[in-house]
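**Q** Okay, handing you the structure first.
FYI, it's all coordinate maths here, none of it is from the lab. Quantities reported herein were computed from a predicted structural model and do not represent experimental measurements. Cβ sites come from the backbone with ideal geometry, for glycine too, and all protein chains shown count toward neighbours.
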Amino acid sequence: LVNGVEYIREKYSESVELDLLARVSKLSLRTFQRQFKKVFSITPMEYLRQFRIGKACQMLVETNLTITTIAGECGFCDHSHLIRDFRRFIGTSPSNYRSRYQIS
């Protein structure tokens, strides 16, 4: 399980497949999913989405990169996917988040 979490944290910007996470954790797919949900109370893919959103938050505050660039750097397929997930988890748009929290 630990190897799967480490993999997500290192490779979040790439395509991450559930079966690969199970393999690096040396568990069957079903066992990996069950144990992950038991420990984190969310699915592995939900954890990945939340981790990516956290990285996007960090980049919005610490850089002047465009939303499109941040989306690519954080593993989203496009900026609209980032914006949709961002609103879902954070409750506001990436632009509003940046204007509220960016360090001058």
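**Q** If you take the residues of the range 19-39 that are touching a helix residue (DSSP H, G or I) at 6+ places or on another chain (Cβ under 6 Å) and in a helix (DSSP H, G or I), which of them is nearest to Met59 (Cα to Cα)?
**A** So in the range 19-39, the residues touching a helix residue (DSSP H, G or I) at 6+ places or on another chain (Cβ under 6 Å) come out as 19, 21-22, 24-25, 29, 32, 36.
Subsequent filtering for residues that are in a helix (DSSP H, G or I) retains 19, 21-22, 24, 29, 32, 36.
On the way: Asp19: 29, Leu21: 25, Ala22: 29, Val24: 28, Leu29: 32, Phe32: 30, Phe36: 27 Å.
It comes out as Leu21.
**Q** Let me ask another. Quick check on the range 56-87: of everything there that is in a helix (DSSP H, G or I) and among the acidic types (Asp, Glu), which residue is surrounded by the fewest Cβ atoms within 10 Å (Cβ to Cβ)?
**A** That would be Glu62.
**Q** To continue, here is another question. If a residue has to be within 29 Å of Tyr97 (Cβ to Cβ), among the polar types (S, T, N, Q) and surrounded by 18 or more Cβ atoms within 10 Å (Cβ to Cβ) to count, how many in the range 11-55 make the cut?
**A** Qualifying residue count for the region: 0.
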